[in-house]
Protein chains: 2
Amino acid sequence: MPLRNLEDCFHDELKDVLSAEKQLTRSLPKLVAAAEAEALVTALEEHLAETEQQVARLEQVFELVDFAPRSKKCKAMQGLLEETADVLEEEADPTVLDAMIIAAAQKVEHYEIATYGTLCAWARLLGHNEAAGLLDQTLQEEKAADEKLTVIALELVNREAAVNV
Amino acid sequence: MPLRNLEDCFHDELKDVLSAEKQLTRSLPKLVAAAEAEALVTALEEHLAETEQQVARLEQVFELVDFAPRSKKCKAMQGLLEETADVLEEEADPTVLDAMIIAAAQKVEHYEIATYGTLCAWARLLGHNEAAGLLDQTLQEEKAADEKLTVIALELVNREAAVNV
């Protein structure tokens with residue numbers, strides 16, 4: 001399918017992020033299982049629930065713009081999650097592994113921040129105002145999830161990992 | 001090599017980002033060649049020059065922390081750049097392609113923002129103050145590059161792509 005205009009780009013990007021979110025719902029439980037610090041486990045569990053809601057919200061967006069919800073394999077998220085899987089196979093002290101899990105999760109969050117930022121801008125320009133509102137809701141959730149991970153890293157995990165011998 | 005503490009994580013992440021930056025220096029020229037809008041071509045060319053400097057700066061960081069500069073294949077950047085390469089193969093109007101190039105480039109920028117954010121926090125906590133300063137310089141460049149792309153998208157490219165039939 002050729003990309004004729006911004007509407008086509010918007011559809012293409014929606015398919016990409018639907019794939020990304022679905023891949024993430026399958027990977028987050030592995031991070032939850034591997035994390036040690038209670039605050040981190042809770043944050044990841046909450047983000048898993050949020051991600052499942054975001055998939056449902058994306059399906060609403062597809063409906064609003066009258067486009068069949070299909071996903072297109074997101075190779076970027078695949079790469080991000082392969083790297084995350086490698087982290088979980090590292091031989092590491094639990095606190096040290098927590099620091100690596102946060103680093104990996106924040107890369108995933110930033111991927112989503114970039115993607116939803118683009119989708120919001122495109123939706124607004126295309127006059128898809130209701131869709132833009134939903135996409136912006138997800139964008140704010142991704143930013144909040146990223147900030148929460150920063151706080152857990154700075155206030156708890158990094159310090160413990162640093163003193164570890 | 002087991003990850004015993006945050007210093008080991010720091011070394012591991014440095015190897016990852018060195019690979020990421022080197023991969024990017026090979027991909028950015030393809031984006032430059034494919035971009036149409038003059039402002040976008042200039043921004044990408046400037047970021048290529050900046051990325052080459054960032055590789056040199058990373059090598060300085062390795063030296064400062066007395067660690068041999070080695071890279072470890074960054075699978076996340078590989079995935080991001082595979083997706084970017086797919087974008088360049090799309091059949092698309094040049095302005096529409098510009099919108100897709102910006103979207104892809106901003107995902108790359110955000111990957112780097114997350115990575116350098118983590119590296120800065122770890123370097124500071126580990127007392128690698130000079131290294132932290134260099135890493136923060138790169139972090140600020142990545143944020144500025146991302147913002148410049150947002151401006152080009154909002155003020156120029158998206159609007160042209162939207163009116164395209």
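Quick notes
- Taking a sphere under 14 Å around the Cβ of A:Val157 and counting the other residues whose Cβ falls inside, with K and R at +1 and D and E at -1, yields a net charge of -4.
- Magnitude of the charge dipole for the protein assembly as shown, about its Cα centre and with charges confined to Cβ atoms of Lys, Arg (+1) and Asp, Glu (-1), is about 360 debye.
- Those trypsin sites (Lys or Arg not before Pro) in the stretch B:120-162 that DSSP places in a loop and that have at most 10 other beta carbons within 10 Å: none
- Given charges at beta-carbon only (K, R positive; D, E negative), |dipole| of the stretch A:11-94 in Debye: 600 debye
- Coarse-grained scattering of the protein assembly as shown at q = 0.06, 0.08, 0.15 Å⁻¹, given as base-10 log I(q)/I(0) from a Debye sum over alpha-carbon atoms: -0.20, -0.35, -1.23
- Remark on the stretch A:82-165: hydrodynamic radius 14.4 angstrom, per the Kirkwood mean of 1/r across alpha carbon pairs.
- Label distances, nm, A:Phe67 versus same residue in remaining copies, Cβ-directed 7 Å point: 4.1
- For the stretch A:76-127, alpha-carbon Rg relative to the globular expectation (2.2 N^0.38 Å, N residues): 1.54
- Within chain A: Cβ-based charge dipole about Cα centre, in debye rounded to nearest 20 (Lys, Arg +1; Asp, Glu -1): 620 debye
- Length available on full extension from A:Val41 to A:Val65: 0.36 nm per residue minus the Cα-Cα distance, which gives 5.0 nm.
- Rounded to 10°, Cα long-axis angle of helix B:75-88 versus longest principal axis of chain B: 10 degrees
- Look at the stretch B:105-118: the mean tally of other chain Cβ atoms within 10 Å of its residues' Cβ atoms is 6.
- Each of A:Gln23, A:Val65, A:Thr95 was placed along the dipole of the stretch A:1-102 (beta-carbon charges, centred on the mean Cα), and the one lying farthest toward the positive end is A:Val65.
- GNM top mover of B:Val32, B:Val151, B:Val17 - chain B, alpha-carbon springs below 10 Å: B:Val151
- 7 Å along Cα→Cβ, label-point gaps from B:Ala49 to other copies, nm, shortest first: 5.1
- Heavy-atom accessible surface of A:Met100, to the nearest 10 Å², is about 10 Å², with a 1.4 Å probe and all protein chains retained.
- The average projected area of the stretch B:1-142, computed from the convex hull of its Cα atoms over all directions, is 8.1 nm².
- Since only B:Thr84, B:Ala56, B:Leu119 are under comparison, the one whose Cα sits farthest along the positive direction of the charge dipole of chain B, derived from C-beta charges on Lys, Arg, Asp and Glu, is B:Leu119.
- For chain B, the longest principal axis of the Cα atoms and the long axis of helix B:38-64 meet at an angle of about 10 degrees.
- Calculated label separations, A:Thr25, copies of the chain, 7 Å along the beta-carbon direction, nm: 4.2
- For a label point 7 Å along the Cα-to-beta-carbon line of A:Glu89, residues of the stretch B:1-43 with backbone N under 16 Å: B:1-3
- Contact order, relative form, for the stretch A:1-150: 31 percent (alpha carbon pairs under 8 Å, 6 or more residues apart, mean separation divided by residue count).
- Degrees, to the nearest 10: B:6-34 long Cα axis against longest axis of chain B: 20 degrees
- On the rotation that sends chain A to chain B, the chain A Cβ lying closest to the axis gives residue and distance in whole Å as A:Gly79, 1.
- For the set A:Lys107/B:Lys22; A:Lys143/B:Lys148; A:Lys22/B:Lys148; A:Lys15/B:Lys15, the pairs lying more than 27 angstrom apart at their alpha carbons are A:Lys22/B:Lys148; A:Lys15/B:Lys15.
- Computed label-point distance, nm, for sites A:Met1 and B:Glu147 using a 7 Å Cα→Cβ extension: 3.6 nm
The values are calculated or read from the model by the stated rules, or taken from the named source; none is laboratory data. Remember, predicted model here, so these are calculated numbers, not experimental data. Using ideal geometry, Cβ is built from the backbone for each residue, glycine included, and neighbour counts are taken over all protein chains shown. Heads up: the accessible areas ignore ligands, DNA and RNA and are worked out on the full protein's heavy atoms, side chains in. Shrake-Rupley method; radii C 1.70, N 1.55, O 1.52, S 1.80 Å.
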